[in-house]
Amino acid sequence: MKPSLLNVGRLPPSLEKQLAEAYTLTTLSDVSDPEAFLRERGAEFTALTSSAAIGVGRAVIERLPNLRVISNFGVGLDKVDVAFAQQRGVAVGYTPDVLNDCVADLAFALLLDVARGASSADRFVRAGRWPAGAFPLGRKVSGARLGIVGMGRIGRTIARRATGFDMTVRYHTRRPVPEVELPHEPSLIELARWCDYLVLITAGGPSTHHLINDEVLTALGPDGFLINVARGSVVDEAALVRALQDKRIAGAGLDVFADEPHVPTELMALDNVVLLPHIASATRETRQAMADRVFDNLQAFFAGQPLLSVAPAA
C-alpha cells in the first residue's frame, strides 16, 4: 500500500500530481473541517509536506501520532516546529542549496533597483514626466561597501556576486563562520554604520525577531540602503516605515514583509522603496528543483535511505 501523506497548504500543481501518484495524498486545505479530520484520521498519516510560507506547528504534529517524516518545500524552517518533530523522532527535510543562486540574484536586483531607481524611473517615463525634466540622480553600486547579515549558503552566494561589482564586503553573524575569509563584524550597529548597502539573509524566528530596529536603521543612515530577502519578521516594519518617511535611510528593497501578503499602505506610498511579492526563489528552474527535492526526500526516506537535505538539529 502507498504511504499516507498529508499536505498542509498548497504546493505547485506538478508536485501535487507527482505526490498523488506515489502516495495516498490528502491536502488539508481541501478538508471542510481540518480539526475534526485530524482528530478522526490523523493516525493514518506517516508523512507530511508543507512549505516555508505555511509551515507546520506542534498542534498539527500532535494530531499525527504515526508521523515519521516531514518534507518542507522551502529553505525557511521558522514556521516548522522542527524541535518538537525531532523530539518525536520525525525526520525533517527541506530544500537548501537549490535556491541559492536565484535568491542571491534577486538580492542584487533589489539592490540595483533601489540604488539606481529603475522601477521609479520606469514609472517616471510611463507617467510622461520625462519631457518636463531629468530623472533624479541615483547611487553607484560598483565599488561600494556591502554588509551582509547572515552568512549561510545564500549569504556566501551573495558575497560572491558582490565581487563582480568590486564591492568591499563584511558580514555579521553571532559567531565568525570558519570557512568564510571575509571580515566578520561582531556588532550589527557597526556593520550598519560602515556599509552603503545592508543585505539581510539571516534565518527568521524568535532569535532574529526585529533584529533590524530603529537603532540599526539610524546607524545605516541617510545614505544607506536596506535590502531584505530573509524574513519579514527580521525587520521592525513600523521603524522601517518611519526611517523611510523621514529619509533617515536612503531607501529599501523588500521581498518579504511582516504580514504577507499584506503590505503596509505607508510603504506603498513611498518612492524610495521597491516592493516585491516574496519572489526570491520564484523562477521555473528553481521551483522545479525545490519540488524535486521535496519528492526525493520522501522517496529516500521510504526507501530506507538518508534524506537528501536534513534540517539542522533544533
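Going through region 94-114 one residue at a time, which ones are of a type in the set (D, E, K, R) and in a helix (DSSP H, G or I)?
ASP101, ASP105, ASP113
Just checking, which of PHE295, PHE257 is in a loop (DSSP other than H, G, I, E, B), aromatic (Phe, Trp, Tyr), modelled with pLDDT of 95 or more and in contact with a helix residue (DSSP H, G or I) (Cβ under 9 Å, 6 or more places away or on another chain)?
None of the other options fit; the residue is PHE257.
Does region 289-299 contain any residue that is touching a Ser or Thr at 6+ places or on another chain (Cβ under 8 Å) and not assigned by TED's automatic domain parsing to the domain that holds PHE73?
The answer is no; no qualifying residue exists.
Let me confirm something: among ASP166, ASP236, which residue is of a type in the set (Asp, Glu) and closer than 30 Å to ASP81 by Cβ?
ASP236
Counting just the residues of region 110-130 that are buried (at least 17 other Cβ atoms within 10 Å of the Cβ) and free of Cβ contacts under 8 Å to residues at least 24 places away in the same chain, which one comes out farthest from VAL216 (Cα to Cα)?
PHE124
Looking only at residues in region 183-198 that are in contact (Cβ under 8 Å) with a residue 40 or more places away in the chain and assigned to a helix (DSSP H, G or I), which one is farthest from GLY155 (Cα to Cα)?
Ranking the qualifying residues of region 183-198, first place goes to TRP194.
Across region 26-81, what is the number of residues that are in contact with a Pro (Cβ under 9 Å, 6 or more places away or on another chain), within 25 Å of GLY232 (Cα to Cα) and at pLDDT 95 or above?
The total comes to 2.
Taking the residues in region 199-227 that are touching a strand residue (DSSP E or B) at 6+ places or on another chain (Cβ under 9 Å) and in contact (Cβ under 8 Å) with a residue 60 or more places away in the chain as candidates, determine which candidate is farthest from VAL149 (Cα to Cα).
PHE225
Looking at region 82-99, which of the residues that are in contact with a strand residue (DSSP E or B) (Cβ under 7 Å, 6 or more places away or on another chain) and without any contact (Cβ under 8 Å) to a residue 60 or more places away in the chain is farthest from ASN297 (Cα to Cα)?
ALA85
Could you tell me whether any residue of region 211-224 is within 15 Å of the chain's Cα centre (by Cα), within 20 Å of ASP259 (Cβ to Cβ) and of a type in the set (Val, Ile, Thr)?
So far as region 211-224 goes, no, none of its residues is within 15 Å of the chain's Cα centre (by Cα), within 20 Å of ASP259 (Cβ to Cβ) and of a type in the set (Val, Ile, Thr).
Among what's in region 157-182 and is touching a Leu at 6+ places or on another chain (Cβ under 9 Å) and in a helix (DSSP H, G or I), pick the residue that is surrounded by the fewest Cβ atoms within 10 Å (Cβ to Cβ).
Selected residue: ALA159.
I'd like the residue in region 9-29 that is aliphatic (A, V, I, L, M) and over 17 Å from LEU67 (Cβ atoms) and, out of all such residues, is farthest from the chain's Cα centre (by Cα).
Per the stated criteria, the residue is ALA22.
Could you tell me which residue of region 131-141 is surrounded by the fewest Cβ atoms within 10 Å (Cβ to Cβ), considering only residues that are out of contact with any Gly (no Cβ under 9 Å at 6 or more places or on another chain) and not hydrophobic (A, V, I, L, M, F, W, C)?
Of everything passing the filter in region 131-141, PRO131 is surrounded by the fewest Cβ atoms within 10 Å (Cβ to Cβ).
Take the residues in region 30-62 that are in contact (Cβ under 8 Å) with a residue 40 or more places away in the chain and assigned to a helix (DSSP H, G or I); name whichever of them is farthest from the chain's Cα centre (by Cα).
GLU44
Would you mention how many residues in region 183-209 are surrounded by fewer than 16 Cβ atoms within 10 Å (Cβ to Cβ) and either under 13 Å from VAL169 (Cβ atoms) or modelled with pLDDT of 95 or more (or both)?
Total meeting the criteria: 7.
Could you go through region 136-143 and let me know if any residue there is free of Cβ contacts under 8 Å to residues at least 24 places away in the same chain and within 23 Å of the chain's Cα centre (by Cα).
No - not one qualifying residue is present in region 136-143.
So if I check each of ASP255, ASP271, which one is touching a residue at least 60 places away in the same chain (Cβ under 8 Å), surrounded by 18 or more Cβ atoms within 10 Å (Cβ to Cβ) and acidic (Asp, Glu)?
The conditions single out ASP255.
Of all residues in region 115-153, how many are in a helix (DSSP H, G or I) and farther than 22 Å from ILE189 by Cα?
Adding up the residues that qualify gives 14.
The values are calculated or read from the model by the stated rules, or taken from the named source; none is laboratory data. Quick caveat: nothing in here was measured; it's all calculated off a predicted structure. Because the Cβ atoms are built from the backbone with ideal geometry, glycine has one as well, and the counts that use them run over all protein chains shown.
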